[in-house]
Amino acid sequence: MEAIVATELTKKYGKLVAVDNLSLSVAEGEVVGLLGPNGAGKTTTIRLLASLIRPTSGKALVCGHDISRNPERVRESVSLVTDKIILYERLTALENLVFFAQLGGLSLKEAISKSNELLEDVEMTRWKNKQVRFLSSGMKQRINVIRGLLNQPRLLFLDEPTIGLDPRSTSKMRELIARLKNDGQTVILTTHLTHDAETLCDRIVLMHAGQIVASGTLEELRILVNPSKVTGAKTSLEEIYMSLMPE
Ligand SMILES: Nc1ncnc2c1ncn2[C@@H]1O[C@H](COP(=O)(O)OP(=O)(O)O)[C@@H](O)[C@H]1O
Ligand SMILES: [Mg+2]
């Protein structure tokens, strides 16, 4: 089944068209990167798809549910992680996770076991009994991201998952995304870093001014930019970006 089928989605704020007639399909198990400069409409697109905001026009099915008719069902199926840290400072990392897991319907036993497993995945086991207020911002963000995985969402949205992170946390975050991809998790991630899109994503959607400029696998984008080049040095995503993206 398709995880996302969006048809001519548009979101206007007054005269400003944040998302402009965007059509996009994502298959289950795909990791898709929305790549574009600040203001391209990446965050607005995932907020629409997570049914946190209403489209001005157009429609989308997310995990089989219509974002306008069944927003509750959409929100049950997806998880959205942004750089906004949603954690209680005076609870420990583990206490936070167990709390959120139980809110999502897990039993105490399941909550503890799932939390410990995810803490291990981002190498935070050593810190799990520390109150969140004593953790570095990179560590907080690692906890924040696994919070989004506690209830095994069918679709995970990551909005700029590596922005502002220290090198170690960035590396742990990339490893986590690579592992999720291996496990068949469907992920939509937004980024303005060509490196992350190139290394983590099965498919890349280049966005500018609310519209899709181009989309495809790295190989497909290479052919788009350089149809005659068959062998030799591979065109990097950065070069593709510079060639396709309007100024
Ligand atoms: N709530 C809002 N009200 C008014 N304008 C908004 C709102 N949210 C986003 N925008 C505008 O929509 C455009 C796209 O923003 P956004 O989706 O955040 O881009 P990106 O995530 O790619 O940086 C920007 O011009 C932004 O200023
Ligand atoms: Mg954004």
If I filter region 74-81 for residues that are away from ligand 1 (no atom under 16 Å from the Cβ) and on the phi > 0 side of the Ramachandran plot, do I get at least one hit? no
Going through (1) surrounded by fewer than 23 Cβ atoms within 10 Å (Cβ to Cβ); (2) at pLDDT 95 or above; (3) within 16 Å of ligand 1 (Cβ to nearest atom) one by one, residue 216 fails only at (3)
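Here is a yes/no grid of residues against (1) more than 24 Å from residue 179 (Cα to Cα); (2) without any contact (Cβ under 8 Å) to a residue 40 or more places away in the chain; (3) not hydrophobic (A, V, I, L, M, F, W, C):
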| residue | (1), (2), (3) |
| --- | --- |
| 23 | yes, no, yes |
| 45 | yes, no, yes |
| 66 | yes, yes, yes |
| 75 | no, yes, yes |
| 87 | no, no, no |
Out of the residues in region 132-152 that are part of a helix (DSSP H, G or I) and in contact (Cβ under 8 Å) with a residue 60 or more places away in the chain, state the one that is farthest from residue 92 (Cα to Cα). 145
Report yes if residue 157 is crowded, with 17+ Cβ neighbours inside 10 Å, touching a residue at least 24 places away in the same chain (Cβ under 8 Å), part of a helix (DSSP H, G or I) and of a type in the set (Phe, Trp, Tyr), otherwise no. no
Please enumerate the residues belonging to region 6-57 that are assigned to a strand (DSSP E or B) and surrounded by fewer than 16 Cβ atoms within 10 Å (Cβ to Cβ). 7, 8, 12, 13, 16, 21, 23, 25, 27, 57
Scanning region 160-179 for residues that are touching a residue at least 60 places away in the same chain (Cβ under 8 Å) and crowded, with 18+ Cβ neighbours inside 10 Å, which turns out nearest to residue 117 (Cα to Cα)? 177
Picking from 52, 108, which residue would you name as being without any contact (Cβ under 8 Å) to a residue 40 or more places away in the chain, under 20 Å from residue 147 (Cβ atoms), of a type in the set (A, V, I, L, M, F, W, C) and within 16 Å of ligand 1 (Cβ to nearest atom)? 52
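Considering 148, 210, 164, 184, which residue is over 24 Å from residue 19 (Cα atoms) and within 15 Å of ligand 1 (Cβ to nearest atom)?
Working: 148 fails: within 15 Å of ligand 1 (Cβ to nearest atom); 210 fails: over 24 Å from residue 19 (Cα atoms); 184 fails: within 15 Å of ligand 1 (Cβ to nearest atom).
Exactly one of 148, 210, 164, 184 is over 24 Å from residue 19 (Cα atoms) and within 15 Å of ligand 1 (Cβ to nearest atom), namely 164.
How about region 1-19: which of its residues are charged (D, E, K, R) and more than 16 Å from ligand 2 (Cβ to nearest atom)? Even if it seems obvious, please write down each step before you answer.
Residues of region 1-19 charged (D, E, K, R): 2, 8, 11-12, 15.
Correct list: 2, 8, 12, 15.
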Scan region 75-83 and give yes if some residue there is crowded, with 18+ Cβ neighbours inside 10 Å, under 21 Å from the mean Cα position of the chain (by Cα) and of a type in the set (D, E, K, R), otherwise no. no
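The values are calculated or read from the model by the stated rules, or taken from the named source; none is laboratory data. Keep in mind the model is a prediction, meaning the values are calculated, not measured. Here Cβ is always computed from backbone atoms with ideal geometry, including for glycine, and neighbour counts include all displayed protein chains.
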